[in-house]
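For reference, the structure is listed below as structure tokens.
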Amino acid sequence: MVAKLIDGRAVARKVRGEYKLRVDQLLSQGVRPGLAVILVGDDAASQVYVRNKIRACDEIGIHSQTIRFASDTPQSQLIDTIQALNADPSIHGILVQLPLPKGFEMGRVLETISQDKDVDGFHLYNVGGLITGSTVFPPCTPYGVQKLLESEGIPIEGQNVVVVGASNIVGKPMALMLTAKEATVCICHAKTRDLAQFTILADILVVAAGRPNLILPQMVKTGAVVIDVGINRLPDGRLVGDVDFDGVRLKASYITPVPGGVGPMTVTMLLCNTVQAAERRLLSARAG
């Protein structure tokens with residue numbers, strides 16, 4: 001058996017094409033979706049991510065605005081800027097690029113973003129909404145994983161799912177979203193003893209731990225679906241995931257590559273959330 005590759009780039013292109021049509025529809029009604037991206041400090045990886053997001057906005061016609069602050073900017077100034085963007089009718093989505101430099105309270109900053117403009121899905125309202133099924137904007141990376149599974153027609157209901165990694169950004173929301181789809185979900189993390197005894201039971205294995213080659217072939221059930229969210233740069237400069245790709249692809253039925261798997265979907269779902277925010281605002285304006 002050789003696993004079928006789930007091509008995140010191809011799925012992302014398809015989804016972006018669908019949402020470009022929705023942007024065109026909004027434009028015909030006098031509304032251009034707008035995204036504000038706030039970058040604090042000079043982290044090199046963050047700058048690359050921001051450039052990718054701005055380029056993606058341009059692709060489908062979303063207006064984008066990048067606001068940059070030095071790492072020693074007072075937190076109060078950042079908060080004031082977010083509050084001004086909350087009140088700006090031309091901005092439908094606000095994203096604060098993480099991580100923030102030392103000295104900033106991430107929770108306080110993210111909670112300042114209006115829940116109606118929280119297109120990254122990190123506000124407490126949206127995180128809590130994952131429990132009740134009433135979230136406005138799902139977090140982008142788990143949302144992208146869900147779309148990848150849907151794109152291949154992979155059933156979720158009744159499946160055993162193991163999520164390796166319990167971060168607030170990927171692992172925990174991923175588990176809640178798949179539970180809502182009626183999967184049986186187990187979350188593993190850095191303190192899990194004998195990780196293999198859990199992963200070997202997974203029909204769908206989602207790995208987001210940030211450790212290269214964490215998942216080896218003997219830890220994967222034959223025919224499992226393997227979604228590798230990890231991205232790690234090796235000393236030789238290569239980008240790899242958390243899964244031993246060459247070995248595991250000989251046992252899995254489907255697998256995502258790194259790069260080119262989940263990564264393109266994360267940015268794409270940010271665009272989707274921004275367009276949906278603009279559509280919600282338009283509906284609200286008409287109703288009010």
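The values are calculated or read from the model by the stated rules, or taken from the named source; none is laboratory data. Predicted, not measured: the structure shown is a model, and the values here were computed from it. In this analysis, Cβ positions are derived from the backbone assuming ideal geometry, glycine residues included, and neighbour counts consider all displayed protein chains.
Okay, here's what the table says:
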item	result
Given (1) assigned to a helix (DSSP H, G or I); (2) in contact (Cβ under 8 Å) with a residue 24 or more places away in the chain; (3) not assigned by TED's automatic domain parsing to the domain that holds residue 242, number of the condition residue 128 does not satisfy	(2)
Among the residues listed as 126, 52, 160, the single one being modelled with pLDDT of 95 or more and among the polar types (S, T, N, Q)	160
Condition met for residue 172 (among the basic types (Lys, Arg), at pLDDT 95 or above and farther than 17 Å from residue 205 by Cβ)	no
Within the stretch 158-169, considering residues that are touching a strand residue (DSSP E or B) at 6+ places or on another chain (Cβ under 8 Å) and of a type in the set (Gly, Ala, Ser), the one nearest to residue 205 (Cα to Cα)	165
Hey, residue 225 more than 21 Å from residue 97 (Cα to Cα) and either β-branched (Val, Ile, Thr) or in the same structural domain as residue 96 (by TED's automatic domain parsing) (or both) or not	yes
Hits in the stretch 187-211 - residues which are surrounded by fewer than 20 Cβ atoms within 10 Å (Cβ to Cβ), of a type outside the set (S, T, N, Q) and in a loop (DSSP other than H, G, I, E, B)	189, 190, 191, 193, 194, 195, 200, 201, 203, 210, 211
